[in-house]
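The values are calculated or read from the model by the stated rules, or taken from the named source; none is laboratory data. Treat the numbers as computed from the prediction; the structure is a model and nothing was measured. Using ideal geometry, Cβ is built from the backbone for each residue, glycine included, and neighbour counts are taken over all protein chains shown.
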Amino acid sequence: MPEYKAPVRDTKFVMQELLNCEQHYQTLGYEDASIDMVDAIIAEAAKFNEQVLAPINQIGDQQGCSWYEGEVSTPDGFKEAYQQYVAGGWPTLSQPVEFGGQGLPSSLNTAIGEFSSAANHSFAMYPGLSHGCMATLEGHGSEQQKQMFLPKLVEGSWTGTMCLTEAHCGTDLGMLRSKAELNDDGTYRINGSKIFISAGEHDLSDNIIHVVIARIPGSPAGTRGISLFIVPKFNVNDDGSISDKNGVSCGSIEHKMGINGSSTCVINFDNATGHLIGEVNRGLHCMFTFMNAARLGVANEGVAAAEAAFQGSLAYAKDRLQMRSMSGPKNPEGPADPIIVHPDVRRMLLTQKSISEGGRALIGYLSQQVDIVQASTDDVAIAKAEANLALLTPIAKAFLTETGLECTSHGVQILGGHGFIKEWGMEQLMRDTKISCLYEGTTGIQALDLLGRKILGSKGELLKGFAAEIASFCYANGQDPALSNYCLTLGGYVEELGKYTEIIAAKAMKNPDEVGAASVDYLMYAGYVTLAYFWARMAKVANEKLAQDSADGAFYQAKMKTAKFYFDRILPRAKGHAACMENGAGSMMAHAVEDFAF
């Protein structure tokens, strides 16, 4: 099993050197978030994840969770690790002070969240779902609901979930059958069954607070008739103390491809007491507070997977001796050269490195946009941040999980036969990561959201804003010899993305299927271009540091070299996606259903 080391140096590079978090936090009024404080939190988070969570990662995969008479037990060490997690104050980090939180920026929590996903994806699911639950309550709950539920959720002694999916409907939430009937005291009776509920039942916390969508009788059909409810495992008194058992039970747990240490449950609601969040029939609107927070978290899982795969692959490639380098022996005293000298192994290692580091920069940027929305008083800055999040969240979620999964596949390939063996951990990492491509809307759903709703729905305005940011960077740095080629190349790709947007929009006027046919290729094209922008920005910072004769020269040289690899070997993939977009829906939709018979 590879030993995980949190990427502390690169995390600090992104936060402090690329994105200037110190000025960012001061502007938003986060006075406690000094560089010293940030450094201390990152260091402690690294220690916790390396020493507590990583060692029980493989145990979680081997043992999985167990179900008995409606109760779920987590793998050995998970309960003790969660107790340490709570004792360390980690759940409180970016939560409001008024409910017991530390009031630190969300972006700081996101940065260290990557460590947890990389060290132990299964464990990270338990507290991870609570953040979305808390965001939904904070954004849409009544004052009484906040006082009843948030202090214990913030503390970590209670955890939260999101209960959306039903057996007959996944993404199409308008088909839900769960019912909510009004009681005389203003609460609701919730009846129905939900599946695929992550952390829906476990032995880590004293209570589990479910955020549940259901339809009130008489409400409109489809998504217009969805309402949102708080349904606790144990009922809660007005003062926040636990009362009797609610009508909530775990019918079973799923037997999954990966993340076996995370309980994925069938949750049944039988006349369970629920509390309406927000307005009747406005549940989908409220729920997207949860969904958008979760989508950024899942994108971070993709980065974490790429980083973990890179670390394991690199350690193996340095030690494993196989064949001789085609350009002459590099280990003449040994029987063969380490496989890291071979070009194809370099290709895979540098793909992992460029995706993880580029993805980390994108996630850092987006998490700062979240900070602005949450804490800024500047309406113009908030509007710009909201536009960036609307455009880039589906790109980050889908692109970083798809490429993260690719990086885990490279990990298996680099280790060869050992990659396919459980003891080495690479096959677990690949199995654990696939779910991230499905969570919070599959890649296809994210692509339709991006192209159909965000790009075409805004008549291209959302794209224009971010494209203008990239154009501004290219204009400002286009004469710099170290950056001129990057700026010229990047400008061409952005211009081409605008062209394909217009082509698809024109085709869709005649055939709406053109949007669905182009959407995933469009998203992946946009993803490669977006990461190229952040690699160009990182190259600029690294080049400036090298000009200052920095003592950390090897780090910055590596950044420059990886940027060149990304532009030379990864960004050109976008051209293949462009060709697919250009070729349209014709061959895809030409088959009759009967043609698929076998």
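Across the stretch 506-522, which residue is surrounded by the most Cβ atoms within 10 Å (Cβ to Cβ) among those that are free of Cβ contacts under 8 Å to residues at least 12 places away in the same chain and not in a loop (DSSP other than H, G, I, E, B)?
ALA506
Could you look through the stretch 1-38, keep only residues that are more than 12 Å from LEU108 (Cα to Cα) and basic (Lys, Arg), and pick out the one that is surrounded by the fewest Cβ atoms within 10 Å (Cβ to Cβ)?
Here the answer is ARG9.
Across the stretch 171-192, what is the number of residues that are at pLDDT 95 or above, surrounded by fewer than 20 Cβ atoms within 10 Å (Cβ to Cβ) and not polar (S, T, N, Q)?
Count: 7.
How many of the residues making up the stretch 253-285 are among the hydroxyl-bearing types (Ser, Thr, Tyr) and either part of a loop (DSSP other than H, G, I, E, B) or on the phi > 0 side of the Ramachandran plot (or both)?
Adding up the residues that qualify gives 2.
Can you find a residue in the stretch 420-430 that is within 19 Å of the chain's Cα centre (by Cα), surrounded by fewer than 18 Cβ atoms within 10 Å (Cβ to Cβ), on the phi < 0 side of the Ramachandran plot and of a type in the set (S, T, N, Q)?
No - not one qualifying residue is present in the stretch 420-430.
Can you tell me which residue among GLU301, GLU333 is over 17 Å from LEU164 (Cα atoms), in contact (Cβ under 8 Å) with a residue 60 or more places away in the chain and among the acidic types (Asp, Glu)?
Every option except GLU301 fails the conditions.
Residues in the stretch 5-27: is at least one more than 27 Å from ASP61 (Cα to Cα) and in contact with a Pro (Cβ under 7 Å, 6 or more places away or on another chain)?
Yes, the stretch 5-27 contains at least one residue that is more than 27 Å from ASP61 (Cα to Cα) and in contact with a Pro (Cβ under 7 Å, 6 or more places away or on another chain).
Return yes when ALA482 is in the same structural domain as MET581 (by TED's automatic domain parsing), surrounded by 16 or more Cβ atoms within 10 Å (Cβ to Cβ) and farther than 17 Å from TYR566 by Cβ and no when it is not.
Judged against the criteria, ALA482 is not a match.
So which of ALA135, ALA81, ALA111 is closer than 22 Å to VAL248 by Cβ and touching a residue at least 24 places away in the same chain (Cβ under 8 Å)?
The conditions single out ALA135.
Conditions tested, residue by residue: (1) surrounded by fewer than 24 Cβ atoms within 10 Å (Cβ to Cβ); (2) over 30 Å from GLY364 (Cα atoms).
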site	(1), (2)
ARG282	yes, yes
HIS285	yes, no
ASN292	yes, no
ALA299	no, no
VAL303	no, no
GLU307	no, no
GLY312	no, no
ALA317	yes, no
SER327	yes, yes
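Among THR74, THR92, which is buried (at least 24 other Cβ atoms within 10 Å of the Cβ), more than 15 Å from the chain's Cα centre (by Cα), touching a residue at least 24 places away in the same chain (Cβ under 8 Å) and not assigned by TED's automatic domain parsing to the domain that holds ALA308?
THR74
Only one residue in PHE534, PHE567, PHE598, PHE555 is modelled with pLDDT under 95 and among the aromatic types (Phe, Trp, Tyr), so which one is that?
Selected residue: PHE598, the only one of PHE534, PHE567, PHE598, PHE555 that is modelled with pLDDT under 95 and among the aromatic types (Phe, Trp, Tyr).
Only one of (1) surrounded by fewer than 24 Cβ atoms within 10 Å (Cβ to Cβ); (2) closer than 17 Å to TYR439 by Cα; (3) of a type outside the set (Asp, Glu); (4) modelled with pLDDT under 95 fails for ILE195. Which number is that?
Among (1) surrounded by fewer than 24 Cβ atoms within 10 Å (Cβ to Cβ); (2) closer than 17 Å to TYR439 by Cα; (3) of a type outside the set (Asp, Glu); (4) modelled with pLDDT under 95, the lone unmet condition for ILE195 is (4).
On the basis of being hydroxyl-bearing (Ser, Thr, Tyr) and surrounded by fewer than 18 Cβ atoms within 10 Å (Cβ to Cβ), does SER157 make the cut?
yes
Please go through the stretch 133-151 and pick out each residue that is of a type outside the set (S, T, N, Q) and buried (at least 24 other Cβ atoms within 10 Å of the Cβ).
Across the stretch 133-151, the qualifying residues are CYS133, MET134, LEU137, PHE149, LEU150.
List pairs: first in the stretch 523-547 and closer than 13 Å to PHE13 by Cβ, second acidic (Asp, Glu) and surrounded by fewer than 20 Cβ atoms within 10 Å (Cβ to Cβ), Cβ under 7 Å, 6+ apart or cross-chain?
VAL541/GLU17
Going through the stretch 184-214 one residue at a time, which ones are assigned to a loop (DSSP other than H, G, I, E, B) and touching a Lys or Arg at 6+ places or on another chain (Cβ under 7 Å)?
ASP203, LEU204
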